[in-house]
Amino acid sequence: MALSEPETSENKARADRPRRVRGGLWKAASVLGSIVATMLGLLFVTFIIGRVMPVDPVISVIGERATAEQYQAAYQAMGLDKPLIVQFGVYLWDVLHFDFGMSLLNARPVAEDIARVFPATLELATVGIFIGIVLGVPLGVLAAVKRGSWIDQIARVLALVGYSMPIFWLGLVGLLVFYGILGWVGGPGRVGIFYVDVVPTVTGLILVDSLLDGNIAVFKDAFSHIILPASLLGYYSLAYISRMTRSFMLEQLSAEYITTARVKGMSEWNVIWGHAFRNIRVQLITVIALSYAGLLEGSVLTEIIFSWPGIGSYITTALLAADMNAVLGGTVVVGLVFILLNIFADLLYKFLDPRAE
Amino acid sequence: MTATPDTPSGAPTLRQWLLTETPTSRRHARFASAYKGWLSFRSNTMAMIGLLILVALVLIALAAPLLAPHDPYVQNLSSRLLPLGSEGYTLGTDSLGRDILSRLIYGSRITLYIVGLVALIAPIAGLLVGTVSGYAGGIVDTVLMRITDIFLAFPRLVLALAFVAALGAGIENAVLAISLTAWPPYARIARAETLTIRNSDFISAVRLQGAGPFRIIVKHIWPLCISSLIVRVTLDMAGIILAAAGLGFLGLGAQPPSPEWGAMISEGRRFILDYWWVATMPGLAIFTVSLAFNLLGDGLRDVLDPKDAGS
């Protein structure tokens, strides 16, 4: 489940929806409405999850030895005596103000914790998607152009293996081979122990911060730590991006305008990159946005293998400690980013590609 | 099957009967089309490999007590962390001296159990939502599809994590969590199929004969949605296996000492640098099975759903 799979048939169904509303204003309003509805839905689901859990939230705050009066007082103070819909309203209000409650583990606001760990995930996923794009797009184009050749076969096998491999296992094996045996890369964590907190935090992205500080040693160390987990994530997005690129390119290359271009004597390079590739750019950006969203989520398991202090590690640690505020806060943030990227991909496709209408 | 084109007696062989262009009954036609599908499927080597691996997996799971050389739960601390190829322990032992091969063999039962349950629950839920939504139309359609969209936009693994956190760790809850996040694509597919079927002439004919919406959906729309759902389920199986293994790896799925493959990787993780096989072997098992499902799914798509076949 490392990557979400937008089936083309699904996208088609999405576009086919009998919503023949004309006019830009209506369109914008309906898009906005669907964003709000989806986000409300996400918050409602996390709210319900928070309510159905078997742990009594009152007891987890005041302890098991509290008297009945204390229990009642805390029960009312937490607003649990109000109707569910009111409680949901309060929850919405809090989330809108980035208030996810206090973490039970370290008694700090969950929002602060998330702001601290999120850049680590962002950095990892961004380097990962960069690797995926740089390798995946040319591979997909080549596979389409040289259809049936050995390079097409290799691309096919790479994708198939990527879809079938448990990411956490591949991470472990990678750690064993490249760190344990070959010693080519840094081990778990974002930087080696000597470089922790050496550069001041500006963006929270260590690769950027170390460059801003002009500290090349930290940059090198951080790079040696990020390259393995990012390549791993990159491989997963490569599997997806290269397959999609290939099928988009095949569709273009079989079109008549390509034959026309060839008949006119245009160079093969120009036909492929100047014409066919030009026409798949919007679709490709959509795929990349979805793939990026998938990586943000898929980094959960990767982060645990590489002790990467990102949001995935944060959620899992909180989970095992039954720190529900932290789990739900993390879920909401990942969910919101995921939804925004999904919608962004959808919008790009709708607005930039005239064929989508 | 060494059938000559025309046997002297005039009675067709089974193969001829199956390959006929002029079926004599509805059942005959159904068998014939199934057989032709099988022939085309059989010519796809990769899909056949996938099928064989899965058949082997089912047989292994069924015959686990006969095949496993040791009890998967019995600990033997004097023979812990034995390497591959040790005497009596082909794939070595784990940190508690349990035979890894036996644990893998028994673990196949858990994998099949999880996959089987999710593959039942999620598509049926999606089929219900999708067909009702597509057939009813109007406000019902809007509301149901909005809910589906919302679930489709969720990050699946993280949501499954949150569900398991709320429900408590365990196989059944893992199944429930994965199903809850897996049904929306099926609803989408079922709705799209329903929309194309709904206005066809044969549905109008059935309606004129007095069939109610329930009968139309169950008897006439569902059967036509099945084949695209099957393809999608098979292609999703690998994802389900990986999700279940991921939950097991995080300690949220099957609980120790259960020989679930993801949990086994998690156990072996601590020794990965010195005793690599403990975590590596279960990973290979997961990989093999999900690869088999992917191969089978690709093959099935080519047979059952030629319009979407990968070029």
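Quick notes
- Flag if A:Ile49 is at pLDDT 75 or above, open to solvent by less than 90 Å² (accessible area, probe 1.4 Å), touching a Phe, Trp or Tyr at 6+ places or on another chain (Cβ under 8 Å) and within 13 Å of chain B (Cβ to nearest Cβ): yes
- The set of residues in the stretch B:246-284 that are open to solvent by 20 Å² or more (accessible area, probe 1.4 Å), acidic (Asp, Glu) and modelled with pLDDT of 85 or more contains only B:Glu267.
- Qualifying residues in the stretch B:65-96 (those that are at pLDDT 80 or above, touching a Gly at 6+ places or on another chain (Cβ under 9 Å) and assigned to a helix (DSSP H, G or I)) - the one surrounded by the fewest Cβ atoms within 10 Å (Cβ to Cβ): B:Ser78
- B:Ala177 vs. criteria open to solvent by less than 10 Å² (accessible area, probe 1.4 Å) and either within 7 Å of chain A (Cβ to nearest Cβ) or of a type in the set (Val, Ile, Thr) (or both): no
- Residue within the stretch B:44-58 that is assigned to a helix (DSSP H, G or I), at pLDDT 85 or above and within 20 Å of B:Ile171 (Cβ to Cβ) present: yes
- Some residue of the stretch A:117-138 being open to solvent by 70 Å² or more (accessible area, probe 1.4 Å), away from every other protein chain (no Cβ under 14 Å) and more than 27 Å from B:Leu242 (Cα to Cα): no
- The stretch B:116-157, residues that are hydroxyl-bearing (Ser, Thr, Tyr), within 13 Å of chain A (Cβ to nearest Cβ) and within 23 Å of the chain's Cα centre (by Cα): B:Thr148
- Being modelled with pLDDT of 85 or more, under 22 Å from A:Gly294 (Cα atoms) and more than 14 Å from chain B (Cβ to nearest Cβ) is a condition met by at least one residue of the stretch A:210-226.
- Positions within the stretch A:182-203 being more than 15 Å from A:Glu303 (Cβ to Cβ), of a type outside the set (A, V, I, L, M, F, W, C) and out of contact with any Gly (no Cβ under 7 Å at 6 or more places or on another chain), in sequence order: A:Gly183, A:Tyr195, A:Asp197, A:Pro200, A:Thr201, A:Thr203
- Test: B:Ala238 is without any contact (Cβ under 8 Å) to a residue 60 or more places away in the chain, surrounded by fewer than 23 Cβ atoms within 10 Å (Cβ to Cβ) and assigned to a helix (DSSP H, G or I): no
- Tabulated pairs, the stretch B:193-222, first over 20 Å from B:Val129 (Cβ atoms), second modelled with pLDDT of 85 or more, C-beta under 8 angstrom, 6+ apart or interchain: B:Phe202/B:His220; B:Val206/B:Arg215; B:Val206/B:Ile216; B:Val206/B:His220; B:Arg207/B:Ile216; B:Ala211/B:Lys219; B:Ala211/B:His220
- Per this entry, A:Ser237 is not counted among residues that are open to solvent by 10 Å² or more (accessible area, probe 1.4 Å) and either hydroxyl-bearing (Ser, Thr, Tyr) or more than 16 Å from A:Leu135 (Cα to Cα) (or both).
- Count of residues meeting criterion [surrounded by fewer than 20 Cβ atoms within 10 Å (Cβ to Cβ) and within 24 Å of A:Leu122 (Cβ to Cβ)] in the stretch A:180-193: 6
- Selection of the stretch A:313-333 for residues being within 13 Å of B:Val158 (Cβ to Cβ), open to solvent by 10 Å² or more (accessible area, probe 1.4 Å) and among the hydrophobic types (A, V, I, L, M, F, W, C) yields A:Leu319, A:Leu328, A:Val333.
- Some residue of the stretch B:161-172 being more than 11 Å from chain A (Cβ to nearest Cβ), surrounded by fewer than 19 Cβ atoms within 10 Å (Cβ to Cβ), under 30 Å from A:Ser313 (Cβ atoms) and small (Gly, Ala, Ser): yes
The values are calculated or read from the model by the stated rules, or taken from the named source; none is laboratory data. The structure displayed is predicted, hence computed values, not measured ones. Note: ideal-geometry Cβ built from the backbone for every residue, glycine included; neighbour counts use all protein chains shown. When the accessible area is computed, the model is the full protein with side chains, heavy atoms only, and any ligands, DNA or RNA have been set aside. Shrake-Rupley method; radii C 1.70, N 1.55, O 1.52, S 1.80 Å.
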